[in-house]
Every structure is written in structure tokens, then in C-alpha cells.
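Engineer: Handing you a structure now.
The values are calculated or read from the model by the stated rules, or taken from the named source; none is laboratory data. All of these numbers come straight from a predicted model, not from anything done at the bench. Using ideal geometry, Cβ is built from the backbone for each residue, glycine included, and neighbour counts are taken over all protein chains shown. Only protein heavy atoms, including side chains, enter the accessible area calculation; ligands, DNA and RNA are left aside. Shrake-Rupley method; radii C 1.70, N 1.55, O 1.52, S 1.80 Å.
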Amino acid sequence: MAKVKSGVFPVFDLDFKIGTKGKDSTEQDMVTIKDMETFSLSIEGNTSKWNPMDMKGWGRALMTGKSMTVSLKGKRNVGDPGNDYVASVAFKDGLNCSSKAAVEFPDGSKLTFDCVLDIKSFLGGESQDVAPLEFDMIVDGKPSFTEAPAPTV
């Protein structure tokens with residue numbers, strides 16, 4: 001069993017994985033995406049607001065939905081299975097851009113989800129640059145979050 005980390009941690013301790021067989025990916029098909037440099041995870045809440053008379057001018061609100069996007073930016077690494085899979089969907093559409101993904105956190109928690117890959121850039125740059133790989137993993141449906149195991153004493 002891996003030792004669970006606590007306290008602050010560098011972002012490079014996060015592990016991003018993509019299923020290389022699209023939505024048919026199994027645990028064995030989940031691979032790390034090499035050479036990613038930056039990441040952001042954004043959650044957007046959908047709220048419904050209303051102003052009932054019984055609240056005497058004060059509004060009410062209810063969270064009615066959520067959406068999430070994981071954005072990754074890095075370098076194009078030809079020959080790496082995860083990096084190659086992501087780049088391979090650049091000219092595809094429909095369900096051919098759908099896959100499974102996971103983010104593993106240093107504390108042992110894990111986020112798994114179905115996603116749509118939206119490739120932003122995988123070619124280009126100046127002559128001395130390394131080709132980029134930039135993309136969003138747009139969560140398709142409700143993600144699954146597994147809490148970190150309790151620390152052992």
C-alpha cells in the first residue's frame with residue numbers, strides 16, 4: 001500500500017490518465033499523459049434563483065447542476081501512448097472524441113470520469129520550439145470522487 005501524503009504538495013505530484021480505447025477503456029487501458037506542464041480544474045455551478053414574497057425581499061437559490069473541465073497544457077511527445085491518444089482525436093468528432101479519464105491526487109484520493117477531448121493545439125511554434133499539446137477534458141456526466149484512505153497511525 002502506498003504511503004498517503006499529507007500537507008502541501010507540488011502540482012507535479014498529480015497523475016493524469018486517459019483511456020486509450022475511448023469509452024471502452026478498462027483499467028488496463030488507462031495511461032499517464034506524458035510531458036504535461038500545467039493544469040487547471042474548473043467547476044461551474046448552475047443555480048436557480050427566485051424571490052418569493054414570504055422572504056420579504058430576500059432571494060433564495062438552489063444549486064441545480066454542475067459541470068467540470070480539466071485543462072492540460074504541455075508538449076507533444078510522439079511515441080507516448082497517452083500523449084499519442086490525445087493528439088489522435090484532433091481531427092475526429094462525435095463519440096470518437098469521448099474517453100475515460102482519471103486524476104490521482106497525492107493524498108490518495110482519485111477523480112474518475114467520462115470525458116470529451118477538445119484538442120486546442122498539437123502542432124506549431126517557432127523553429128526552436130517543442131510542439132505543444134493543449135487540450136480540455138470536458139466531463140461528460142457525473143464524475144466519481146474516491147476519498148483518500150484514512151491516515152494510519
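Engineer: Could you figure out which of (1) closer than 24 Å to GLU44 by Cα; (2) open to solvent by less than 50 Å² (accessible area, probe 1.4 Å); (3) in contact with a Lys or Arg (Cβ under 8 Å, 6 or more places away or on another chain) isn't true of LEU117?
Structural biologist: With (1) closer than 24 Å to GLU44 by Cα; (2) open to solvent by less than 50 Å² (accessible area, probe 1.4 Å); (3) in contact with a Lys or Arg (Cβ under 8 Å, 6 or more places away or on another chain) applied to LEU117, the lone miss is (3).
Engineer: Is it the case that some residue within segment 44-54 is in a helix (DSSP H, G or I), under 26 Å from PHE122 (Cβ atoms), open to solvent by 70 Å² or more (accessible area, probe 1.4 Å) and without any contact (Cβ under 8 Å) to a residue 12 or more places away in the chain?
Structural biologist: Checking segment 44-54: not a single residue is in a helix (DSSP H, G or I), under 26 Å from PHE122 (Cβ atoms), open to solvent by 70 Å² or more (accessible area, probe 1.4 Å) and without any contact (Cβ under 8 Å) to a residue 12 or more places away in the chain.
Engineer: Tell me, yes or no, whether segment 13-28 has at least one residue that is open to solvent by 50 Å² or more (accessible area, probe 1.4 Å), closer than 30 Å to PRO149 by Cβ, assigned to a loop (DSSP other than H, G, I, E, B) and of a type in the set (Gly, Ala, Ser).
Structural biologist: Taking segment 13-28 and keeping what is open to solvent by 50 Å² or more (accessible area, probe 1.4 Å), we get 21, 23-24, 26-28.
In the following step, the residues that additionally are closer than 30 Å to PRO149 by Cβ were identified as 21, 23-24, 26-28.
In the following step, the residues that additionally are assigned to a loop (DSSP other than H, G, I, E, B) were identified as 21, 26.
When the remaining residues are screened for being of a type in the set (Gly, Ala, Ser), the result is none.
No - not one qualifying residue is present in segment 13-28.
Engineer: Now for a separate question. Within segment 29-40, track down each residue that is open to solvent by less than 60 Å² (accessible area, probe 1.4 Å), assigned to a strand (DSSP E or B) and under 20 Å from GLY79 (Cβ atoms).
Structural biologist: MET30, VAL31, THR32, MET36
Engineer: Another question about this same structure. So THR112 passes all but one of these: (1) open to solvent by less than 60 Å² (accessible area, probe 1.4 Å); (2) farther than 17 Å from ASP24 by Cα. Which condition number does it fail?
Structural biologist: All conditions pass for THR112, except number (2).
Engineer: Does MET63 satisfy the condition of being without any contact (Cβ under 8 Å) to a residue 12 or more places away in the chain and either more than 20 Å from ASP13 (Cβ to Cβ) or in contact with a strand residue (DSSP E or B) (Cβ under 8 Å, 6 or more places away or on another chain) (or both)?
Structural biologist: no
Engineer: Oh, and also: Tally the residues that are at pLDDT below 95 and over 14 Å from the mean Cα position of the chain (by Cα), restricting the search to segment 12-26.
Structural biologist: Residues in segment 12-26 being at pLDDT below 95 and over 14 Å from the mean Cα position of the chain (by Cα): 2 in total.
Rundown of residues vs (1) at pLDDT 95 or above; (2) surrounded by fewer than 16 Cβ atoms within 10 Å (Cβ to Cβ); (3) touching a helix residue (DSSP H, G or I) at 6+ places or on another chain (Cβ under 9 Å), yes/no style:
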{"residue": "SER42", "(1), (2), (3)": "yes, yes, no"}
{"residue": "TRP58", "(1), (2), (3)": "yes, yes, no"}
{"residue": "GLY74", "(1), (2), (3)": "yes, no, yes"}
{"residue": "ASP80", "(1), (2), (3)": "yes, no, no"}
{"residue": "ASP84", "(1), (2), (3)": "yes, no, no"}
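Engineer: Select from segment 60-72 the residues that are under 17 Å from ASP136 (Cα atoms) and open to solvent by less than 90 Å² (accessible area, probe 1.4 Å) and list them in ascending order.
Structural biologist: Answer for segment 60-72, where residues must be under 17 Å from ASP136 (Cα atoms) and open to solvent by less than 90 Å² (accessible area, probe 1.4 Å): SER67, MET68, THR69, VAL70, SER71, LEU72.
Engineer: Restricting to segment 128-153, what's the tally of residues that are in contact with a Lys or Arg (Cβ under 6 Å, 6 or more places away or on another chain) and not in a strand (DSSP E or B)?
Structural biologist: Adding up the residues that qualify gives 2.
Engineer: Hey, can you tell me all the residues within segment 132-153 that are modelled with pLDDT of 90 or more, farther than 22 Å from ASN96 by Cβ and among the hydrophobic types (A, V, I, L, M, F, W, C)?
Structural biologist: PHE145
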